[in-house]
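Data block below; observations after.
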Amino acid sequence: MIPWLGEDEDFPPVEQAAAEPNGLLAAGGDLSAARLVEAYGSGIFPWFSEGQPILWWSPDPRMVLFPDELKVSRSLAKTLRTTRFEVRADTVFRDVMQNCRMPRRDQAGTWITAPMVEAYCGLHRAGIAHSVETWLDGELVGGLYGVALGRAFFGESMFMRATDASKVALFTLVRQLERWGFGLVDCQMNTGHLASFGAREIARTDFTRRLRELIHYPPVPAHWHLAPVR
């Protein structure tokens with residue numbers, strides 16, 4: 001799901017992207033678990049607005065973050081050293097999605113529709129979709145969710161209710177993925193927020209070549225546990 005928004009960023013509405021499509025492949029189909037897994041394994045993801053048919057995308061170039069290329073700003077490093085945040089995984093997946101689907105800034109709607117929530121909650125129950133959550137004093141203040149196949153992670157969306165909360169979640173996730181031997185984090189499309197973490201664009205042919213190998217690795221345990229932030 002497009003994309004991993006920064007704490008002060010918005011992504012263009014689906015209608016705007018569809019007017020100048022980069023990687024729009026097809027329309028229609030359904031959001032069954034089997035179809036979603038097949039799509040992600042082929043480098044394709046759904047993104048559409050309420051009232052539209054399901055639109056399937058595979059942009060070229062593709063924005064990816066290689067875990068060993070993760071960059072941390074000075075301000076985030078300070079937050080990581082001094083924070084009271086606690087980071088958990090897979091404890092409130094639906095809550096994370098519901099927070100991610102809240103309209104941003106002046107946007108009236110959301111591209112994370114109710115059917116999307118149900119479809120990805122189904123993937124979560126199957127151990128395929130995961131959430132990373134940032135907590136402060138027992139309150140959920142940030143997080144992200146995505147899909148994992150083999151040793152590839154496909155980032156979907158993130159949210160924050162406290163400064164740096166989503167960034168701490170992303171940092172913790174990427175460090176854990178590196179420990180598990182994940183080869184890439186799919187960020188889908190280019191944003192300045194993602195670039196600041198070291199994400200970069202690669203050709204779609206390169207992305208799909210890497211993906212074909214990574215998705216065939218054995219999965220990590222279905223319920224994720226994250227190492228503490230250091």
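The values are calculated or read from the model by the stated rules, or taken from the named source; none is laboratory data. Nothing here was measured: the structure is a model prediction, and the numbers come from that model. FYI the Cβ positions are ideal-geometry reconstructions off the backbone, even for glycines, and counts take in every protein chain you see.
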- Task: Determine, yes or no, whether Glu86 is among the acidic types (Asp, Glu) and either free of Cβ contacts under 8 Å to residues at least 40 places away in the same chain or in contact with a helix residue (DSSP H, G or I) (Cβ under 6 Å, 6 or more places away or on another chain) (or both).
- Result: no
- Task: Name every residue in the range 183-194 that is buried (at least 16 other Cβ atoms within 10 Å of the Cβ) and assigned to a helix (DSSP H, G or I), in order of residue number.
- Result: His193, Leu194
- Query: Out of the range 152-182, which residues are outside any helix (DSSP H, G or I), on the phi < 0 side of the Ramachandran plot and crowded, with 20+ Cβ neighbours inside 10 Å?
  - Reply: Ala152, Phe153, Phe154, Gly155, Glu156, Ser157, Met158, Phe159, Met160, Phe182
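Quick one: count up the residues across the range 116-155 that are among the acidic types (Asp, Glu) and closer than 15 Å to Ala89 by Cα.
Number satisfying all stated conditions: 2.
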- Item | Residue in the range 34-48 that is crowded, with 18+ Cβ neighbours inside 10 Å and farther than 22 Å from Gly150 by Cβ present | yes
- Query: Has the range 45-53 got any residue that is modelled with pLDDT of 95 or more, under 18 Å from the mean Cα position of the chain (by Cα), in a loop (DSSP other than H, G, I, E, B) and over 23 Å from Met160 (Cα atoms)?
  - Reply: no
